[in-house]
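What follows is a set of notes on a single structure, which appears directly below.
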């Protein structure tokens, strides 16, 4: 039985209530995509635009997982870039340069082309909690300036932070107007609608239970099957397929968000005068932004143990009020959370099995942007264009040879180091 979207602010404000049938019987396609989140839908839409016949199978509803629950921050680049550089040098450096803004570009192009109403707004800031964070941001500013983007970036010293964020929590920041924020569930649903309009087929409530390997793999659900030339695994934190090949690389971590009641215009200007998204630079970071109707959406408290807190509000509210004590009287209307996929070295885990089953997982908190980049790279690979795909596929990864639950405990123990590092 398919699960509904979690009771989030996003689910309460969807502008597309389309539902798709479950798979019954046998069908065929050029490519079968497993997973109806950003990776799956972004890949499927790219393939459909290129003329391929594509079927998407989703165990629950489109956008059910992290794609429809996240902080809605559209931030350039990918995580784990240094790992790619170390393992592959100049080839990886060129790829990183080429794709750094590609995810943002794809989203902007699709919002415009398909008239997707997802509250897309530009403006983003990395906020420095410590002086060493500010040293890092100065290097970032120099890098972007050297690459011709100086007009889009502003290095903000502590004395000027009040013009950007209504808190004294930070010693500076780096603002840019190329990144931004959006309603992620409405984006995912809008892309699914665009895919469907191009002849793509989506089946919800269609959990995959097995993949029969061969020259033309067969993807099986409880009530049907898809015979395809190629398969894309795009389940991320929630799928359990092909464990022989994929177990031990990805670990689900919980992240949680509060949404206040709509704030007055005056209060909204106090907390975020420029209406930008913000992430602090702690290892265990907080992130926040205002929704289109001026709610504070405040997230963070990443939990690597695999256990959800008894009360999201009790965990997150003190963190929000430490940053914004002026919100002490704001009512909390929504609280929600869910799993994101974490890779130990933070580089997306990309590869293929038996030459015709492709996979990508583990965006480590950078999913909105990275999934769209990877969707394009997966689409290239299934068409035989392997150059960019191979750079990711050759990245070095650490595999923990333990069951998922124990692996999560090991990761949680390791994160204690970073928790202590954030304190000092």
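For the reader, a short list of remarks on this structure follows.
Matching residues to (1) outside any loop (DSSP other than H, G, I, E, B); (2) exposed (fewer than 14 other Cβ atoms within 10 Å of the Cβ); (3) modelled with pLDDT under 95:
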| position | (1), (2), (3) |
| --- | --- |
| 103 | yes, no, no |
| 106 | yes, no, no |
| 112 | yes, yes, no |
| 115 | no, yes, no |
| 118 | no, no, no |
| 122 | yes, no, no |
| 127 | yes, no, no |
| 134 | yes, no, no |
| 140 | yes, no, no |
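- Take the conditions (1) within 28 Å of residue 356 (Cα to Cα); (2) buried (at least 24 other Cβ atoms within 10 Å of the Cβ); residue 30 misses just one of them, which is (2).
- Looking across region 8-17, the residues that are modelled with pLDDT of 95 or more and more than 13 Å from residue 187 (Cβ to Cβ) come down to 8, 9, 11, 12.
- Per-region count, region 251-273, residues touching a strand residue (DSSP E or B) at 6+ places or on another chain (Cβ under 8 Å), part of a loop (DSSP other than H, G, I, E, B) and farther than 19 Å from residue 160 by Cα: 2
- Hey, residue 83 within 23 Å of residue 285 (Cα to Cα) and either assigned to a loop (DSSP other than H, G, I, E, B) or at pLDDT 95 or above (or both) or not: no
- Every residue from region 373-424 that is touching a strand residue (DSSP E or B) at 6+ places or on another chain (Cβ under 9 Å), in a helix (DSSP H, G or I), modelled with pLDDT of 50 or more and under 20 Å from residue 253 (Cβ atoms): 374, 404
- Taken over region 243-281, residues that are more than 22 Å from the chain's Cα centre (by Cα), closer than 21 Å to residue 381 by Cα and crowded, with 18+ Cβ neighbours inside 10 Å amount to 0.
- Counting only residues that are in a loop (DSSP other than H, G, I, E, B) and in contact with a strand residue (DSSP E or B) (Cβ under 7 Å, 6 or more places away or on another chain), region 36-57 holds 3 of them.
- Hey, residue 93 closer than 28 Å to residue 285 by Cβ, surrounded by fewer than 16 Cβ atoms within 10 Å (Cβ to Cβ) and either without any contact (Cβ under 8 Å) to a residue 60 or more places away in the chain or within 15 Å of the chain's Cα centre (by Cα) (or both) or not: yes
- Qualifying residues in region 2-28 (those that are in a helix (DSSP H, G or I) and touching a helix residue (DSSP H, G or I) at 6+ places or on another chain (Cβ under 8 Å)) - the one farthest from residue 373 (Cα to Cα): 11
- Residue tally, condition over 17 Å from residue 34 (Cβ atoms) and in contact with a helix residue (DSSP H, G or I) (Cβ under 9 Å, 6 or more places away or on another chain), over region 198-216: 2
- Filtered by the rule that a residue be surrounded by fewer than 23 Cβ atoms within 10 Å (Cβ to Cβ) and in contact with a strand residue (DSSP E or B) (Cβ under 7 Å, 6 or more places away or on another chain), region 183-198 gives a lone residue, 196.
- Condition check for residue 31: at pLDDT 95 or above, touching a helix residue (DSSP H, G or I) at 6+ places or on another chain (Cβ under 7 Å) and in a strand (DSSP E or B): yes
- For region 347-380, the set of residues classified as touching a helix residue (DSSP H, G or I) at 6+ places or on another chain (Cβ under 8 Å) and either surrounded by fewer than 17 Cβ atoms within 10 Å (Cβ to Cβ) or farther than 23 Å from residue 86 by Cα (or both) consists of 353, 358, 368, 372, 375, 376, 379, 380, listed by residue number.
- Residue 77 meets each of the listed conditions (1) assigned to a loop (DSSP other than H, G, I, E, B); (2) at pLDDT 95 or above; (3) crowded, with 16+ Cβ neighbours inside 10 Å apart from (2).
The values are calculated or read from the model by the stated rules, or taken from the named source; none is laboratory data. The shown structure was predicted, so the numbers you read here are calculated from the model rather than taken from an experiment. Counting neighbours? That spans all protein chains shown, and the Cβs are built from the backbone with ideal geometry, glycine included.
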